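Contents: one structure, followed by commentary.
The values are calculated or read from the model by the stated rules, or taken from the named source; none is laboratory data. All values derive from a computational prediction rather than experimental measurement. Here Cβ is always computed from backbone atoms with ideal geometry, including for glycine, and neighbour counts include all displayed protein chains.
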Amino acid sequence: MAYTSDQISIMDSIIARYPRKRSAIMPLLHYTQSIDGYITNEAIELIGEKLELATAEVNAVSSFYTQYKTKPVGEYHVGICTNTLCAVMGGDLIFDSVKEHLGIENDGVTSDGKVSVEHIECNAACDYAPVVMVNWEFYDNQTVQSVKDLVDSARAGTPPAPTRGPKTLRTWKQNSAVLAGISDGLANEGVQAGDATLLGLKKAKGGA
């Protein structure tokens, strides 16, 4: 697709934040993903041109980090942790049950384009296992039924608030814009990190 002059201006403003152009590669990938829903060949070429990088260099970054997708995902992308602790606590059962419930496989998207599912090796939140992320927002201490309810409500356009973070769950594209550094004003909305998360920080600082 052809990007608009306003979109090109935003890309230029992102690049201007950095003393070296190439440092803008990740936010630019997030930004183009917020437009297209995934990383397109056109985006790779444009970012390479703007940052004076070979397309292979841009593609190497976009293919290394799992937050960038090379094909369309759902409006709500559900990542279910299947690493050891989450699996033991029910993550594997959640993953299999939700795939069956939605009628899709791993990396599949529902026919209405609303929900996609991906197994994730670790959500880095073992103290809240089993953990599910939707558009990178946490849903802690999940069960088979709670995740089924979660994906059903997402398909209906009424997803519940994340366990931590904003009260409003952003769509995939909206959250990609936030990750590009474009504020949506929700950074201080909702419940922030709870005791289990802050405990590690206190210990690292030598607190009680």
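Can we say GLU52 is over 20 Å from MET133 (Cβ atoms), of a type outside the set (A, V, I, L, M) and touching a residue at least 24 places away in the same chain (Cβ under 8 Å)?
yes
For residues that are in contact with a strand residue (DSSP E or B) (Cβ under 7 Å, 6 or more places away or on another chain) and in a helix (DSSP H, G or I), tally how many sit in region 56-99.
Final tally of qualifying residues: 5.
As an exercise: evaluate LEU46 against (1) in a helix (DSSP H, G or I); (2) within 22 Å of GLN142 (Cα to Cα); (3) modelled with pLDDT of 95 or more and give the number of the one condition it does not meet.
(2)
Within region 100-114, track down each residue that is farther than 17 Å from GLY157 by Cα, touching a residue at least 12 places away in the same chain (Cβ under 8 Å) and not in a loop (DSSP other than H, G, I, E, B).
If the condition is that a residue be farther than 17 Å from GLY157 by Cα, touching a residue at least 12 places away in the same chain (Cβ under 8 Å) and not in a loop (DSSP other than H, G, I, E, B), then HIS101 is the only one that fits.
Looking at ALA187 and the list (1) at pLDDT 95 or above; (2) within 27 Å of HIS30 (Cα to Cα); (3) surrounded by fewer than 16 Cβ atoms within 10 Å (Cβ to Cβ), which single condition is not satisfied?
The number of the failed condition is (1).
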